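Report on one structure; see the data block that follows.
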Amino acid sequence: MKVKGYALGILSSVSFGLIPIFILPLKQAHFSMDITLFYRFLFSALMVGGYLLYSKESFRINKKEALILSVLGVCYALSSEFLFIGYDFLTPGIASTVLFIYPMIVALIMFFFYKEKLTKLAIASLLLAFAGVIVLCLKENGLEINFAGLGIVMLSSLFYALYMVIVNKSNMKVSGFKLSFYSMLFTSAFFMIKAFTESESFEIPSVSIFLNFIVFAFLTTVISSLCLVYAIKYIGSIPTAILGALEPVVAVMVSVLMFHEKFTTNLLIGIILILLGVILNVLSGNRQSRRNKHKDLKNA
């Protein structure tokens, strides 16, 4: 089961890291991003909804859950939107790597708003991630930061971090599949409303673009989500989170091999520093949760 869990964790990360393959050709063809994201999440919701029907799980949610799930949908939508806008300012490899600092933003939110302690490991992880972002911004002429691109992708990371915190703190009694289904449904609704307000056409111009949407939704959203759920089930959340560090690595490989992004020394060092930061952050969280359990046992 452990081998299966690790394989699923790797598959989840790899599938999520393939996003540039589908999104960059559509951006280059000047196809509407709102329509692209609407169909991506709509088809993903339909696929996960099909699985819920197959497993005979109820779709019923109460008003409180509907409100929380709609907020999650907006957070996920804004994270996706800012990431894809960021591709216009930064290379896909750098954008995907900067996005991956979201675990550090989660740690900071928990520290400032929920008074959770920052351990020495957590502080070290934040410093490593920050150093990684600085290295990514270094060019031949010194520090050359595209502040607009960096800020936009950081916003993407912030909204993904908020998504994770809300999932963690809402204490909803819904399964992972139902949560994924409604999050995707509300995310697609966000982009549908946005496209309507901008009077964009929902027509899919060709069969090839329709197939692109289907494969895009299935590979980068459905497969990634399902594999993540089962990986956590088989090997636990800590090893699965560490395997998530493969996401930016895959995105960088795709960008270098398919879209001719330059694989510079700075990109390599920046990725390594951010990945080390993320892994330290995960290990710090694991150690903190063990201490809390130990305290609870002592007080019992």
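The values are calculated or read from the model by the stated rules, or taken from the named source; none is laboratory data. Since we're looking at a predicted model, the values are computed, not measured. Every residue, glycine as well, gets a Cβ built from its backbone with ideal geometry; the counts of neighbours run over all protein chains shown. Ligands, DNA and RNA are stripped out before the accessible areas are found, and what is left, the full protein with its side chains, is counted by its heavy atoms. Shrake-Rupley method; radii C 1.70, N 1.55, O 1.52, S 1.80 Å.
Some values worked out for this structure:
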{"read-out": "Selected residue (criterion: farthest from residue 105 (Cα to Cα)) from residues of segment 131-162 that are at pLDDT below 90 and aromatic (Phe, Trp, Tyr)", "value": "147"}
{"read-out": "Residue within segment 111-122 that is modelled with pLDDT under 85, open to solvent by less than 60 Å² (accessible area, probe 1.4 Å) and part of a helix (DSSP H, G or I) present", "value": "yes"}
{"read-out": "All positions within segment 36-47 that are aliphatic (A, V, I, L, M) and either surrounded by 23 or more Cβ atoms within 10 Å (Cβ to Cβ) or farther than 23 Å from residue 213 by Cβ (or both)", "value": "37, 45"}
{"read-out": "The lone exception for residue 58 - which of (1) among the polar types (S, T, N, Q); (2) crowded, with 19+ Cβ neighbours inside 10 Å; (3) not in a helix (DSSP H, G or I) it fails", "value": "(2)"}
{"read-out": "Top-ranked residue of segment 207-234 - restricted to ones that are of a type in the set (Ser, Thr, Tyr) and open to solvent by less than 40 Å² (accessible area, probe 1.4 Å), ranked as modelled with the lowest pLDDT", "value": "225"}
{"read-out": "Of all residues making up segment 245-274, the number that are open to solvent by less than 30 Å² (accessible area, probe 1.4 Å) and within 18 Å of the chain's Cα centre (by Cα)", "value": "9"}
{"read-out": "Qualifying residue in segment 92-107 (condition: part of a helix (DSSP H, G or I), more than 18 Å from residue 245 (Cβ to Cβ), of a type outside the set (S, T, N, Q) and touching a residue at least 40 places away in the same chain (Cβ under 8 Å))", "value": "no"}
{"read-out": "Segment 7-35 - residue that is closer than 20 Å to residue 245 by Cβ and small (Gly, Ala, Ser) and, of those, surrounded by the fewest Cβ atoms within 10 Å (Cβ to Cβ)", "value": "7"}
{"read-out": "Residue within segment 2-23 that is charged (D, E, K, R) and within 28 Å of residue 257 (Cβ to Cβ) present", "value": "no"}
{"read-out": "Hits in segment 235-244 (condition: open to solvent by less than 40 Å² (accessible area, probe 1.4 Å) and either touching a Lys or Arg at 6+ places or on another chain (Cβ under 8 Å) or among the polar types (S, T, N, Q) (or both))", "value": "235, 240"}
{"read-out": "Selected residue (criterion: nearest to the chain's Cα centre (by Cα)) from residues of segment 67-80 that are touching a residue at least 12 places away in the same chain (Cβ under 8 Å) and open to solvent by 30 Å² or more (accessible area, probe 1.4 Å)", "value": "76"}
{"read-out": "Matching residues in segment 256-275 - criterion: being β-branched (Val, Ile, Thr) and in a helix (DSSP H, G or I)", "value": "256, 265, 269, 271, 272, 274"}
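Residue by residue, here is whether (1) without any contact (Cβ under 8 Å) to a residue 40 or more places away in the chain; (2) part of a helix (DSSP H, G or I); (3) aliphatic (A, V, I, L, M) holds:
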| site | (1), (2), (3) |
| --- | --- |
| 177 | no, yes, no |
| 196 | yes, yes, no |
| 202 | no, no, no |
| 209 | no, yes, yes |
| 215 | no, yes, yes |
| 222 | no, yes, yes |
| 227 | no, yes, no |
| 230 | no, yes, no |
| 254 | no, yes, yes |
